[in-house]
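Trainee: Pasting a structure here, questions to come.
Here, each number is a calculation from the coordinates, and none is a lab measurement. Everything numeric here is computed off the predicted structure, so don't read it as measured data. Glycine gets a Cβ as well: all are built from the backbone with ideal geometry, and neighbour counts include every protein chain shown.
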Amino acid sequence: MPWTKVFLTEDDLKQFAAVEGLRSLSYVAALREAQEQLLETDPRVFILGEGVDDPGGIFGSTLGLADKFGSARVLDIAIAENGMTGVAVGAALAGMCPIFVHMRMDFLPMCMDQIINHAAKWHYMTGGAQKVPLVVRSIIGRGWGSAAQHSQALHGLFLHIPGLKIAIPATPYDAKGLLIAAVEDGNPVMFIEHRWIYDSVGYVPPEKYRIPFGKGVIRQEGSDVTVVAMSQMVYEATKAARELTNEGISVEVIDPRTVKPLDEELIFQSVQKTGRLVIADVACKTGGVGAEIACRVVENVPEFLRAPVKRVNFPDTPTPCSPILEDAYYPNSNTIKETIKQLCRMKTDD
Amino acid sequence: MVLIRRFEEKIIEVYGLQDMKSPVHLCIGQEGIAAGVCAHLEREDYILTTHRSHGHCLAKGVDPKELYAEFYGRITGCCRGKGGSMHPAAPTLGIPGTTAIVGGGIPLAVGAALASQMRGDSRVSVAFFGDGASDQGAFHESLNFAALKHLPVLFVCENNYYATNSPLSARQPHPDIYLRAAGYGIPGVSVDGNDVLAVYQAAQEAVHRGRRGDGPTLLECKTYRWKGHVGPDCDWEKGCRPHEELTEWMDRCPIESWRKKLIAWGVADQEWYHQLLEEVDARLDLAIKFARDSAFPASTDLYQHVYYEKNT
């Protein structure tokens, strides 16, 4: 299916596009198109964020939207993250569908009161009398010495909060479909993008379409090891899986696409088949999404596991600046390959 | 004002039975502000209030039955027993819900006003908050944005001089909160919050200003709460504040002074006041009975409403 494919190289994509005759788009263009279509079709939708109308257009993801829809609907705002999140929540309570954009996910700790105490709790606290249709877009940075305050991925923090949903798309197809679904969902959604995959390309239908939350996809089928990978790690895991085919190891790559709700059935089914589980995430290890996925497998289907669960994560340190330290910090396809091989050796040793 | 006062005095009467299991933050002594401001609001105008919200909700038209039932944790409560005293909601009356995080509701009111401006309707939003909330960054961030966009919002600061037990003088360098408005280029007005007529007149101009599209106003109402920060008792005996300060303010009861004025002007007489009290009490007694007779939610309701679902 064209929408499940991950394209690792441009040649990869060109071959596909020529054969299938399907439209391809970059991740960032898909995000932009989703917002453009939402603004066109729903007067309740508006975008706010620091720099949404600037010449760069949030790395291109809001480029030209202010010109097309005006500064009242694509709203540049003061750097007052918590107060402005409150403004977005208030507008949502009054029937609007705001999309709040943050150039870095690191700025979300500024908004925690409004996201956690207000947006996430409101529907419950009011006994269902009032919903909060709010989408918070944030971008994980990486590399070029971005260091500790411009490269964090904090979906693990939000996973802990009842009332929030979390989408973490890896492909252009999912970026568009999940963003449209998020805006129409009616709940507060943390929408987490990755700067390093903004230029990745893939099949994106031109129409307005939605991807249901809580439905993962199998990026590559395999029978020896399951790798649950998120965001940019989907690419690293797919690369690892392709390379390991040559070494006789068959890897199944699963992309959950949303981590809250989580498609645990898809993961359980895969682990039933492979008996081995690696979770590759773009965040620090302790208390993260990987820990939750591992725990759900152990709680629900421990009998499926033939080897210990392994996690591929960032180490439990803040992100460093120096390129040498960065190289040591970030896992990649090699890290995933080594982890997979280690797991398979364990089996051999049994 | 009488409804609000008696509504809360009845809570004090029943609270000792220990079956109203929700922390109550009483506004006794501050009733003139809710009454004076909400008199100008239409049903669809928004109010965002605080943990000390009973007065605002009643003044906006919420049925006492739904509030009491909520405080008793019953299914007939305005939040089906999920919110309690700190989180009343009545969306059809312009109360989308209530936050108990100090300062948290101020930007929500601004956001509701932004929605009104975007839609081009004539609704105004009112943010009720205490002096403690004016310590918060969200207060300043909200004033800044509302002033910048000329939003139809009225910021009503009920300055009762204490944030829980911390006096204003220990928290801010200047006792006049309304002066902050000048920094954002919007009108800042200070009134005696215990003079319901003064509040009414100041709020009238501010609400009209918002409705005309001329932007926000910061209205500081100086007042005093007679009870402790939370619960049915007073806190001066614990050393939270000087007794003389309390009695001075109690001598300036907003209800008593208004009653005396009405009688002095010949608008009303003592008999009318007694009749009003009787009517209010009878209504509230029925409301408490309704609440206590109502069913509790099923324990399985625990898992309901975590998320909005389109088909429900």
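Trainee: Can you give the angle from 0 to 90° between the axis of helix A:333-349 and the longest principal axis of chain A, with both taken from C-alpha atoms, to the nearest 10?
Mentor: 40 degrees
Trainee: Who wins for biggest fluctuation among B:LYS261, B:LYS149, B:LYS21 in a Gaussian network model of chain B, springs between alpha carbons below 10 Å?
Mentor: B:LYS261
Trainee: Now a separate question. Provide the packing ranking of B:300-310, B:76-86, i.e. peptides ordered by the mean count of other C-beta atoms within 10 Å per residue, highest first.
Mentor: Result, highest mean Cβ count within 10 Å first: B:76-86, B:300-310.
Trainee: Cut-off 10 angstrom, C-alpha nodes, Gaussian network model of chain B. Which of B:ARG180, B:ARG225, B:ARG74 fluctuates the most?
Mentor: Result for chain B, Cα springs under 10 Å: B:ARG180 fluctuates most.
Trainee: Taking the Cα atoms only, what angle lies between the long axis of helix A:233-245 and the longest principal axis of chain A, rounded to 10 degrees?
Mentor: With rounding to tens, the tilt is 20 degrees.
Trainee: Which translational diffusion coefficient, to the nearest whole µm²/s, is obtained for the range A:218-350 from the Stokes-Einstein equation, given a Kirkwood hydrodynamic radius over C-alpha pairs, 10 °C and 1.306 mPa s?
Mentor: 108 µm²/s
Trainee: Does anyone have the angle between helix A:172-185 and the longest principal axis of chain A? Alpha-carbon axes, 0 to 90°, nearest 10?
Mentor: Orientation of helix A:172-185: about 50 degrees from the principal axis.
Trainee: Could I ask something else about it? Using only the Cα atoms of the range B:219-312, what do you get for the radius of gyration and for Dmax, in Å?
Mentor: For the range B:219-312, the Cα-based Rg and Dmax read 21.3, 58 Å.
Trainee: Average partner chain C-beta neighbours within 10 Å, per residue of B:91-97?
Mentor: Mean number of neighbouring Cβ atoms from other chains: 5.
Trainee: Can you give the local net charge around A:THR126? Use residues other than it whose beta-carbon is closer than 13 angstrom to its beta-carbon, Lys and Arg +1, Asp and Glu -1.
Mentor: Cβ neighbours under 13 Å give a net charge of +2.
Trainee: Then there is this: Give me the dipole magnitude in Debye, nearest 20, for chain A about the Cα centre, with unit charges on the beta carbon: positive for Lys and Arg, negative for Asp and Glu.
Mentor: With Lys and Arg at +1 and Asp and Glu at -1, about 460 debye.
Trainee: Provide the descending list of Cα extents for chain A along its principal axes, expressed in whole angstroms.
Mentor: Dimensions of chain A along the principal axes of its Cα atoms: 63, 48, 41 Å.
Trainee: HN-Hα J couplings of the range A:2-7 from phi, Karplus 6.51/-1.76/1.60, θ = phi - 60°, integer Hz, Gly and Pro as x?
Mentor: Calculated HN-Hα couplings, in order: x, 7, 9, 6, 10, 9 Hz.
Trainee: Something else about it: Just from the alpha-carbon atoms, what are the Rg and Dmax of the range A:21-108 in angstroms?
Mentor: 13.2, 47
Trainee: Please go through the residue pairs A:LYS5/A:LYS337; A:LYS285/B:LYS310; A:LYS176/A:LYS341 and name each one whose alpha carbons sit more than 30 Å apart in this structure.
Mentor: Pairs exceeding the cut-off: A:LYS285/B:LYS310; A:LYS176/A:LYS341.
Trainee: Nearest 500 deg cm²/dmol is fine: what mean residue ellipticity at 222 nm does the protein assembly as shown get from its DSSP H runs of n ≥ 4 alone, each adding -39,500 (n - 2.57), divided by its residue count?
Mentor: One gets -11500 deg cm²/dmol as the mean residue ellipticity at 222 nm.
Trainee: Counting other Cβ atoms within 10 Å, keep those with at most 12, restrict to DSSP loop, and tell me which GluC sites (Glu not before Pro) in the range A:239-283 are left.
Mentor: A:GLU247
Trainee: Taking the simple approach of a point 7 Å from Cα along Cα-to-Cβ for both A:ASP199 and A:LEU22, what is their distance in nm?
Mentor: So the two model labels end up 2.4 nm from each other.
Trainee: Top mean-square fluctuation among A:THR335, A:THR238, A:THR258, Gaussian network model of chain A, C-alpha springs under 10 Å?
Mentor: Largest GNM mean-square fluctuation: A:THR335.
Trainee: Turning to a different aspect of this structure: Once you average over the residues of A:185-197, how many Cβ atoms of partner chains fall within 10 Å of each Cβ?
Mentor: 1
Trainee: Related question: Find the eigenvalues of the gyration tensor of the Cα atoms of the protein assembly as shown, then list the square roots of 5 times those eigenvalues as equivalent ellipsoid semi-axes, largest first, in whole angstrom.
Mentor: Equivalent ellipsoid semi-axes, largest first: 53, 27, 21 Å.
Trainee: Still on this structure, please answer the following. Cross-link candidates for B:LYS227: which aspartates and glutamates have Cα within less than 12 Å, leaving aside residues fewer than 8 places away along the same chain?
Mentor: Answer for B:LYS227, where 12 Å is the Cα cut-off: B:GLU8, B:GLU9, B:ASP235, B:GLU237, listed by chain and number.
Trainee: Separate question: Let me make sure I get this right: for chain B, a, b and c are the square roots of the gyration tensor eigenvalues over alpha carbons, sorted descending. Under 1.5 in a/c it's rounded, otherwise prolate if a/b > b/c, else oblate. Which is it?
Mentor: Rounded, since a/c falls under 1.5.
Trainee: Now a separate question. When A:TYR330, B:TYR224, B:TYR46 are ordered from fewest to most other Cβ atoms inside 10 Å of their Cβ, what list results?
Mentor: A:TYR330, B:TYR224, B:TYR46
Trainee: Just counting partner chain Cβ atoms within 10 Å, what average do the residues of peptide A:69-75 show around their Cβ?
Mentor: Per-residue shielding by partner chains comes out at 1.
Trainee: Same structure, new question: If neighbour count is taken as other Cβ atoms inside 10 Å, put A:LEU179, B:LEU277 in order from fewest to most.
Mentor: B:LEU277, A:LEU179
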